[in-house]
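The values are calculated or read from the model by the stated rules, or taken from the named source; none is laboratory data. Treat the numbers as computed from the prediction; the structure is a model and nothing was measured. Glycine gets a Cβ as well: all are built from the backbone with ideal geometry, and neighbour counts include every protein chain shown. Quick note on the areas: whole protein, heavy atoms, side chains included, nothing else; ligands and nucleic acids left out. Shrake-Rupley method; radii C 1.70, N 1.55, O 1.52, S 1.80 Å.
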Amino acid sequence: MSTQVHATLSEDQVEQISEDLDEPDWLLETRKAALAALEDLEMPEVIQTPGRKWTNLDALDYETLVDPLDYAQEKDRIDAEGVDVLSWSDALDEHGDLIEDHFGSVVDPQRDYLTALSTALFSAGTVVYVPEGVDAEDVKIRTTMNSQSLFNYTLVVAEESASVTILERQTTGDDVDGDRYYSGVVEAVTGENAYVQYGTLQNLSEESYNYQVKRGHADTYGTINWIEGNIGSRLTKSSVETRLLGDSSESQIVGAFFGHDDQHFDIAARVWHEAEHTVADLVTRGVLDDAARSVYEGVQDVGREAWDTSSYQRENTLMLSDESEADASPKLIINNHDTEASHSATVGQVDAEDMFYMTSRGVNPERAKNMLVEGFFVPVLEEVEVDELREDLDDLIYERLRQ
């Protein structure tokens, strides 16, 4: 491994973070174990297409980017009736046993180098606890990074027959100039017949490097839906994943990204069908302008015991310039014949006939292109059930088109 950021980290720093957050011994030991594992762990797997490795995470200068004891931030949490939306310290006080049961149960703390780094150093934590039978909407988490690096962790636990919709926003403040590093890990656990919808709108500064993992486990009749909008950052490496562990569980993963200048998006959506009568739908649309690049990988994995599976995937990328680059790698892994599944991906330029039609009717070329882009995003925006997230994402797309 070319990057040796762990050589500049120490147990003293990890102990200081844990002490600041008033954590129990078991969690400190988990952090220390993740720190010790860094020396032997590899970077996250990146998406590769024949003849090309699209994202080089080893090339980042983590030693310069990561300042473990500087984690200045603004964190706004808005709860809903019957739901606990708590800071990390408060959650440990009120739900310590719950956290011990579920922390690291969905995302392996030593899954790879960057996840272990986040486990050792996370300082921005939120727990969303939805008790049995509670039905809640409008839970909001707003994170503003005011430091050079920030490691964020979110745990969502929805008990039996509970329901919650969560909207997370990620931005950067103006207090720090230059390159930044943001890391976010989300674990979601749904009980029987529970419903979790988690939407994220990432609009970090374009000097930021962004690594995120969101992963959920769905129990019998449980549903986990993810919505992810990526507008900001210089480089984003994101993976959104669901394991359908219970019969009749479901998941939808909706993604949208819009890159310009030299932005780079490495986006993965993955679902594992591991029980009977499970349903998944993966929908992603992206637009690239200037010299922006993207690579997308979608995986639908149908297990041997996943009888009567329904799994669908579609990804489309629209390129607005000759310098932009995109690739897509949709994959089906089917180990049970009782499956209805499909996958598709397209990458292409703005349709010349559409442009000709519009310009020949008096629409100037720039306005015509913008209208086509807005129309291109409509199918994915229609899948976003959270009104506020859909409207905010639409506004950011509008702003980007007019830059």
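Let's see how each residue does on (1) free of Cβ contacts under 8 Å to residues at least 24 places away in the same chain; (2) under 17 Å from G216 (Cβ atoms); (3) touching a helix residue (DSSP H, G or I) at 6+ places or on another chain (Cβ under 6 Å):
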site	(1), (2), (3)
A80	no, no, no
S89	no, no, no
F103	no, yes, no
V106	no, yes, no
P109	no, yes, yes
L114	no, no, no
T119	no, no, yes
Can you tell me which of (1) more than 18 Å from the chain's Cα centre (by Cα); (2) surrounded by 21 or more Cβ atoms within 10 Å (Cβ to Cβ) is the one V185 doesn't meet? (1)
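Considering only segment 303-403, give the helices (runs of 4 or more DSSP H) lying wholly within it that have at least 2 residues that are modelled with pLDDT of 90 or more.
On the way: elements: 352-359, 365-381, 387-401.
Of the helices (runs of 4 or more DSSP H) lying wholly inside segment 303-403, those with at least 2 residues that are modelled with pLDDT of 90 or more span 365-381, 387-401.
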Anything in segment 10-30 that is over 22 Å from E94 (Cα atoms) and open to solvent by less than 60 Å² (accessible area, probe 1.4 Å)? List them, or say none. S10, Q13, V14
Out of segment 189-210, which residues are farther than 30 Å from A275 by Cβ, part of a strand (DSSP E or B) and not aliphatic (A, V, I, L, M)? Q202, S208, Y209, N210
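For (1) in contact (Cβ under 8 Å) with a residue 40 or more places away in the chain; (2) of a type outside the set (S, T, N, Q); (3) open to solvent by less than 10 Å² (accessible area, probe 1.4 Å), each residue gets a yes or a no:
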site: V189; (1), (2), (3): yes, yes, no
site: Y198; (1), (2), (3): yes, yes, yes
site: Q202; (1), (2), (3): no, no, yes
site: E206; (1), (2), (3): yes, yes, no
site: R215; (1), (2), (3): yes, yes, no
site: T223; (1), (2), (3): no, no, no
site: G229; (1), (2), (3): yes, yes, yes
Can you name the condition, by its number, that P68 falls short on among (1) at pLDDT 95 or above; (2) open to solvent by less than 40 Å² (accessible area, probe 1.4 Å)? (1)
Residues of segment 357-379 that turn out to be surrounded by 12 or more Cβ atoms within 10 Å (Cβ to Cβ) and out of contact with any helix residue (DSSP H, G or I) (no Cβ under 9 Å at 6 or more places or on another chain), as a count: 2
Quick check: anything in segment 250-261 more than 21 Å from Q197 (Cα to Cα), surrounded by fewer than 21 Cβ atoms within 10 Å (Cβ to Cβ) and either modelled with pLDDT of 95 or more or among the β-branched types (V, I, T) (or both)? yes
Any chance you could count how many residues in segment 121-139 are touching a residue at least 40 places away in the same chain (Cβ under 8 Å) and in a loop (DSSP other than H, G, I, E, B)? 5
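Looking at segment 159-170, can you tell me whether even one residue there is assigned to a loop (DSSP other than H, G, I, E, B), in contact with a Phe, Trp or Tyr (Cβ under 7 Å, 6 or more places away or on another chain) and at pLDDT 95 or above? Quick ask: steps written out before the conclusion?
Keep residues of segment 159-170 that are assigned to a loop (DSSP other than H, G, I, E, B), which gives 159-162.
Imposing the further condition that a residue be in contact with a Phe, Trp or Tyr (Cβ under 7 Å, 6 or more places away or on another chain) reduces the set to none.
Scanning segment 159-170 turns up no residue that is assigned to a loop (DSSP other than H, G, I, E, B), in contact with a Phe, Trp or Tyr (Cβ under 7 Å, 6 or more places away or on another chain) and at pLDDT 95 or above.
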The residue that is farthest from A72 (Cα to Cα), considering only those in segment 124-152 that are of a type in the set (S, T, Y) and open to solvent by 10 Å² or more (accessible area, probe 1.4 Å), is Y129
